Amino acid sequence: MPAARKLQPEPGAAVVRLNASDEQRPASRLLGEELRHHRERLGYTLADAAQVIRASTSKVSRLERGESPAKPRDVHDLAVFYDLSREDQSQLDQLLAQATNADLYARFADVTPGFLRRLIRLEGTAETISVFEPRVVPGLLQTAAYARAIVKLVEVDRSDADIERIVDLRMRRQLMLDNGVPALAALIGEEVLYRPYGTAAVMVEQVRFLLRATRTGRVNVRVVRKEAMVPPHPLFHLKFREGDWQELAYVEHLDGASYITQKRQLDKYRRLLDNVRANAYERVGSVAALEEALRHWEDLAAKE
């Protein structure tokens, strides 16, 4: 990694204007300004940034002025080099998506199956997301330690580095919920709260996170009674504000997923979710169920 050096006057660079759309131009400029801000804040020069992305200083200059197309790999490498926080990296991701029509999953394509990449793309444009999980805490509500335990169990052939990238992707997906859109309604099977993924301490952290999310109103979490007759597989339902279709259902299988857009099938999956909701505790009962699960794991953690 090149050492920080005092900023020098930046050389001029020939500029080639791109035929970007009106929507892309302001996002490209904002993305470039953010990258320049972080570079100058840390005292790096154009040459330092150019070395990181294996490019010329003139290319970096055009990138920072929003006049050169940004590549996901370059933005990622610069974000790592600048040691940006998860929130700052998320902001760059959003600007990158607007500027180049790149999706968040593009940075994680080699560790993310195609059916999940499509879901990630759709999540970012949804107005509401309803999800039922009978086996694990939904990915959008998992803590890093809980997610890591699941990924290690499932992705047995992955390296530690790949596992961390998959966990990182799950954490980044959650950042969109901080803005209140999409609104998330999560139905979680009661037995999920007692199924260990990781140590008792990991489960304590996970259940506490669900409780905080429920109490603050960040998401609508409902616990489904353990005696309820419900589908054995996860269900997702997404609604959108605009477009040729305003909703779809997503049903995950062992090695793939189905996307449902036909009205008859959508009606079927809506009824399935309605049935699950009818078998869930209301908010007060859900909080009580979470608190009971938390006491269970706290008792076990105290003995570890």
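Out of segment 284-295, which residues are surrounded by 15 or more Cβ atoms within 10 Å (Cβ to Cβ) and within 16 Å of T216 (Cα to Cα)?
Selection gives S286, V287, L290.
So that you can scan it fast, the table gives a plain yes or no per residue for (1) in a helix (DSSP H, G or I); (2) more than 20 Å from the chain's Cα centre (by Cα); (3) surrounded by 16 or more Cβ atoms within 10 Å (Cβ to Cβ); (4) not hydroxyl-bearing (S, T, Y):
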residue	(1), (2), (3), (4)
R222	no, yes, yes, yes
A228	no, yes, no, yes
L238	no, no, yes, yes
L266	yes, yes, yes, yes
Y269	yes, yes, yes, no
D274	yes, yes, no, yes
R277	yes, yes, no, yes
W297	yes, yes, yes, yes
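Can you tell me which of (1) among the polar types (S, T, N, Q); (2) more than 21 Å from Y250 (Cα to Cα); (3) modelled with pLDDT under 65 is the one Q94 doesn't meet?
Exception for Q94: condition (3).
Scan (1) at pLDDT 85 or above; (2) open to solvent by 50 Å² or more (accessible area, probe 1.4 Å) for the single condition A185 breaks and write down its number.
It fails just one condition, (2).
State whether the residues of segment 219-239 include one that is on the phi > 0 side of the Ramachandran plot and not hydroxyl-bearing (S, T, Y).
Within segment 219-239 (the criterion being on the phi > 0 side of the Ramachandran plot and not hydroxyl-bearing (S, T, Y)), the answer is no, since none of the residues qualifies.
Where the second residue is in a helix (DSSP H, G or I) and at pLDDT 95 or above and the first is farther than 17 Å from G285 by Cα and among the β-branched types (V, I, T) and lies in segment 203-219, which pairs have Cβ atoms under 6 Å and are six or more apart or on separate chains?
Listed by first residue and then by second, the contacts come to V204/W297; V204/E298; V204/A301.
Out of segment 44-72, which residues are over 29 Å from the mean Cα position of the chain (by Cα) and open to solvent by 20 Å² or more (accessible area, probe 1.4 Å)?
Y44, A47, Q51, A55, S56, T57, S58, K59, R62, listed by residue number.
So, in segment 121-135, exactly how many residues are more than 17 Å from A185 (Cβ to Cβ) and either polar (S, T, N, Q) or crowded, with 21+ Cβ neighbours inside 10 Å (or both)?
Total satisfying the criteria: 1.
Restricting attention to segment 253-285, and to residues there that are touching a Ser or Thr at 6+ places or on another chain (Cβ under 8 Å) and under 17 Å from V230 (Cα atoms), which single residue is modelled with the lowest pLDDT?
Checked segment 253-285; the qualifying residue modelled with the lowest pLDDT is L273.
Among the listed residues L248, L294, L238, L300, which satisfies the condition of being over 15 Å from A186 (Cα atoms), at pLDDT below 90 and of a type in the set (A, V, I, L, M)?
L248
The values are calculated or read from the model by the stated rules, or taken from the named source; none is laboratory data. These numbers come from a predicted model, not from an experiment. Methodologically, a virtual Cβ is constructed for each residue, glycine included, from the backbone with ideal geometry; neighbour enumeration extends over all protein chains shown. The area values use the complete protein model at the heavy-atom level, side chains included, leaving out ligands, DNA and RNA. Shrake-Rupley method; radii C 1.70, N 1.55, O 1.52, S 1.80 Å.
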